[in-house]
1. Tell me which residues come under 5 Å, amide H to amide H, from N329 once H is placed; ignore anything under 5 positions away on its chain.
2. Cα centroids of the range 318-342 and the range 271-293: how far apart, whole angstrom?
3. Can you tally the lysine pairs in the range 301-452 where the Cα-Cα distance is under 25 Å and the two residues are eight or more apart, or on different chains?
4. Work out Dmax and Rg for the range 308-460 from the C-alpha atoms and quote the Rg first, both in angstrom.
5. For the range 101-114, just list the computed ³J(HN,Hα) in residue order, Karplus coefficients 6.51, -1.76 and 1.60, θ = phi - 60°, integers in Hz, with x standing in for Gly and Pro.
6. Any chance you could list P(r) for the range 116-208, counting all Cα-Cα pairs in 5 angstrom bins from zero, rounded to whole %?
7. From the phi of every residue in the range 325-339, what ³J(HN,Hα) in whole Hz does the Karplus formula 6.51 cos²θ - 1.76 cosθ + 1.60 yield, where θ is phi - 60° and glycine or proline is x?
8. Mind jotting down the three principal axis lengths of the range 9-127 based on Cα atoms? Whole angstrom, largest first.
Amino acid sequence: MKHTKSKIESKAYSLPNLKFESQTLTSFSGLVIIKPFFAALNLKQRLQSCMTHLNQGKIFDRATVFIQLIIHVLLGYRELQDSRYYRDDPLVKRLLGLNQLPDVATISRTLKESDGDSVKNIRMLLRNLVFERLRILCPARVTLDFDGSVQSTRRKAEGTAVGFNKKKKGTRSYYPLFCTLAQTGQVLDFLHRAGNVHDSNGARSFILACVRAIKAVLPHAVIEVRMDSAFFSDEIIKSLEHYGVEFTLSVPFERFVELKKMIENRRRWRRLDNRRGYFETDWKPQCWGNRFRFVFICTKSCKQRKAPIQLDLFEPYEYGYEFKVIVTNKTVGARAVASYHEGRGFQESVFGELKSHCHLDYIPVRGLYGNQTYLLAGLLAYNLMRELQMQTAKPTRHTSAKRASLWAFEKVDTIRKTLIQRAGRLTRPQNTLTLTISANKWIKKRLTKFLNSVTGIETA
């Protein structure tokens with residue numbers, strides 16, 4: 001349909017007068033989905049059972065304040081003092097079941113009063129929510145990725161220490177170790193540590209605890225583990241072999257002269273693809289008891305050019321070779337092993353989303369357990385958005401060589417901007433509570449789809 005220019009353009013010169021008054025307006029109409037979603041998971045009651053011992057003589061229920069922290073992250077706010085910007089929002093109040101939201105000082109005190117028992121209970125809830133999805137999904141293979149991520153801070157928070165940090169040298173930090181589940185893209189659990197520890201510090205017991213938990217939920221599933229070279233040790237590999245876990249680990253082959261000599265003396269490399277070659281052998285370091293399968297991969301790559309570039313001259317690419325070694329107990333071919341191990345990169349995208357959109361890198365208070373509680377709020381917000389998408393759509397992928405997630409997930413920030421952050425008005429025509437949102441057909445389609453899936457009631 002063709003329109004005239006006069007119908008398209010509009011002349012507007014004057015600025016509108018500003019007027020502030022109390023009305024039942026909300027900036028977050030998309031929270032109408034979150035309330036029944038939390039109710040279906042029985043989230044508030046489960047959190048109350050985690051924090052029962054902290055509620056004595058308190059006006060604000062500790063579970064309610066924790067749910068506010070989850071909402072705080074979902075709305076896109078970072079610091080605790082940012083809660084002042086939505087404290088009058090009627091839909092946030094209805095979701096929390098409050099007439100008045102706690103102020104910044106109350107939230108800060110709540111985090112300060114957190115203890116080891118409450119953190120332990122919420123961690124168990126985090127795991128149980130993931131296990132409930134696994135029982136529904138019932139996959140033949142469960143893939144666990146383990147790696148650490150730095151949480152830096154300028155304040156002297158309890159339990160922080162100065163450790164290795166490329167970007168912020170000399171800053172104090174935590175260095176938690178995370179376990180993520182490849183099939184659902186969720187965080188299963190974490191091990192909280194100071195910032196001056198090695199990646200493998202406490203890793204063995206944490207890895208085995210995660211493996212045992214998965215075996216208890218899915219006793220017939222094949223468990224797979226992927227890790228980088230920081231976890232390369234005889235202890236960890238023997239333990240995984242003992243539990244019947246399939247694993248791949250990057251090998252810090254620079255530490256072993258024998259591996260370097262094998263690469264230098266190798267004359268014939270088998271073809272992996274157009275850019276890569278490989279060979280494999282059964283080998284063990286001198287201090288190990290058993291031999292394992294080591295896969296050597298050679299990749300042809302362009303050398304980085306550090307000299308100034310002259311655009312008017314033709315300079316051919318200079319190619320070099322990069323090498324990596326993978327130790328595994330898998331019996332599939334080398335190409336499948338390489339693809340599977342390269343799928344570890346998905347975990348980096350999980351960390352990137354957690355830090356950018358769920359504020360994993362923010363440390364709000366000085367207390368150790370308060371910071372762990374805020375970290376759990378961010379992890380739960382992330383996992384719940386994954387669970388919401390899994391409830392409203394069927395898997396779009398099958399198990400791939402790289403073990404990509406079975407759903408094509410939208411980022412938390414995408415859901416926040418397209419669904420949650422929508423202006424609306426709450427009214428009561430004929431004594432029926434009604435939320436009025438702008439007539440955007442795409443927003444209507446998405447909101448009704450999510451709402452119908454969560455509530456099971458068809459909405460017009």
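Nothing in this text is a laboratory measurement; each read-out follows from the coordinates by a stated rule. Nothing here was measured: the structure is a model prediction, and the numbers come from that model. Because the Cβ atoms are built from the backbone with ideal geometry, glycine has one as well, and the counts that use them run over all protein chains shown.
1. F247
2. Spelled out, the Cα-based centre of one part sits 9 Å from the other.
3. 24
4. Cα only, the range 308-460: 23.4, 77 Å (Rg, Dmax).
5. 7, x, 7, 4, 4, 5, 5, 5, 5, 4, 5, 5, 7, 4
6. 3, 13, 19, 20, 18, 13, 8, 4, 2, 0
7. 10, 10, 9, 8, 10, 6, 9, 6, x, 5, 5, 5, 4, 5, 5
8. 62, 30, 23
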